[in-house]
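Okay, structure first, notes after.
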Amino acid sequence: MAKERKGMLLVISGPSGTGKGTLCDRLLKDDPSFHFSVSVTTRAPRYNETEGASYFFISEQKYDTLLEEDAFIEHATVHGHRYGTLKSEVYKAIEDGQNVILDIDSQGALNVMAKEPDCVSVFVMPPSYKVLEQRLHTRNTDDPKEIARRLRNARGEMEKVSNYRYAIVNDEVEAAYETLKSIVHAEKNNTKRYFPVVTEE
C-alpha cells in the first residue's frame, strides 16, 4: 500500500494556567513528527523562558516591520502585549509532511481557523475558575495584578470554546494528555491529510 501524508496544523489554546503548554511539551517529546512553531512577542521573557525556544522576543519596532511585510499567519494583542505566528515557521514544515503545533491565545486561534479551516483546533479548559486561580498563583510567574487580569480574560476566552473542533478539560494532566493523543491519532488518519492508495500487489 502506498501512503502519503500532508502535515497537520494543530492549534491549541485556552486561558493562562490551564496547562496547555504542558500538554504541548509532552506531545512534542513523545511524537517526533511534531514541530513547535515559535511565536514572536513584544513582552519580556519570564525567568524560565528561552529565546528561540519559548518565543522570539522582539522590539515593538521589529514587530511593526513584520506586520508591514505580511509575515504573520495571525497576530493579536493579549494581556497588553503583542504576539504573532510567523508564516515561515509553519507553511514549509506542513508541506514537508511535518505536523506543526501552535500554542496561541483564542483571538489568534480564531484567526488561524478562519484562514486554515482544515486545522485541528483544541481548547484546553480548567475544571473550575477556583482551580484556575490556584494554578496561576502556584506557578509564580505573574504578580497579583496580572493574575487578576488573566482571570478576567479567562471568562471571555471560555465563551469561545464552541468555535473549536475539540475541548479538553484538564482536571488531571495524564487523563488530559491521553485525550489529546487520541485526538491526534484520529486526525492523522483524517482523509484531508492522509492519502492511502491500495496497490495491485
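Hey, could you check segment 161-179 for residues that are more than 16 Å from ARG26 (Cα to Cα) and among the small types (Gly, Ala, Ser) and say which is modelled with the lowest pLDDT?
The qualifying residue modelled with the lowest pLDDT is SER162.
For segment 115-159, how many residues meet the condition of being at pLDDT 85 or above and outside any helix (DSSP H, G or I)?
Final tally of qualifying residues: 14.
From the list ALA109, ALA76, pick out the single residue that is surrounded by 14 or more Cβ atoms within 10 Å (Cβ to Cβ), part of a helix (DSSP H, G or I), modelled with pLDDT under 95 and touching a Phe, Trp or Tyr at 6+ places or on another chain (Cβ under 8 Å).
ALA109
If I ask for residues that are touching a strand residue (DSSP E or B) at 6+ places or on another chain (Cβ under 6 Å) and more than 20 Å from ALA44 (Cβ to Cβ), which ones from segment 72-93 would you list?
PHE72, ILE73, GLU74, LYS87, VAL90, ALA93
If a residue must be outside any loop (DSSP other than H, G, I, E, B), of a type in the set (Phe, Trp, Tyr) and farther than 15 Å from LYS87 by Cα, how many such residues does segment 36-59 contain?
Selection size over segment 36-59: 1.
Kindly list, by first and then second residue, each pair from a residue in segment 32-57 that is in contact (Cβ under 8 Å) with a residue 60 or more places away in the chain to a residue that is of a type in the set (A, V, I, L, M, F, W, C) and part of a loop (DSSP other than H, G, I, E, B), limited to pairs with Cβ atoms under 8 Å and residues at least 6 apart or on different chains.
SER37/VAL90; SER39/ILE104
Any residue at all in segment 86-97 that is of a type in the set (A, V, I, L, M) and assigned to a loop (DSSP other than H, G, I, E, B)?
Among the residues of segment 86-97, at least one is of a type in the set (A, V, I, L, M) and assigned to a loop (DSSP other than H, G, I, E, B), which makes the answer yes.
What tally of residues in segment 1-35 results from selecting those that are surrounded by fewer than 17 Cβ atoms within 10 Å (Cβ to Cβ), out of contact with any Lys or Arg (no Cβ under 8 Å at 6 or more places or on another chain) and in a strand (DSSP E or B)?
1
Count, please, the residues in segment 22-57 that happen to be touching a Leu at 6+ places or on another chain (Cβ under 7 Å) and closer than 28 Å to ALA175 by Cβ. Steps first, please.
Residues of segment 22-57 touching a Leu at 6+ places or on another chain (Cβ under 7 Å): 23, 27, 34, 36-37, 40.
Subset that is closer than 28 Å to ALA175 by Cβ: 23, 27, 34, 36-37.
Looking only at that region, the number is 5.
Is it the case that segment 169-186 has a residue that's β-branched (Val, Ile, Thr) and either touching a Ser or Thr at 6+ places or on another chain (Cβ under 7 Å) or at positive phi (or both)?
Initially, segment 169-186 is screened for residues β-branched (Val, Ile, Thr), giving 169, 173, 179, 183-184.
If we keep only those that are either touching a Ser or Thr at 6+ places or on another chain (Cβ under 7 Å) or at positive phi (or both) as well, we get 173.
Yes, some residue in segment 169-186 is β-branched (Val, Ile, Thr) and either touching a Ser or Thr at 6+ places or on another chain (Cβ under 7 Å) or at positive phi (or both).
The rows are residues; the columns are (1) surrounded by 13 or more Cβ atoms within 10 Å (Cβ to Cβ); (2) in contact (Cβ under 8 Å) with a residue 12 or more places away in the chain; (3) more than 14 Å from LEU9 (Cα to Cα).
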site	(1), (2), (3)
GLN61	no, no, yes
GLU68	no, no, yes
ARG82	yes, yes, yes
VAL122	yes, yes, no
THR138	no, no, yes
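The values are calculated or read from the model by the stated rules, or taken from the named source; none is laboratory data. Predicted model only: the values in this text are computed from it and were never measured. Positions of Cβ are generated from backbone atoms using ideal geometry, with glycine treated the same way; all protein chains shown enter the neighbour counts.
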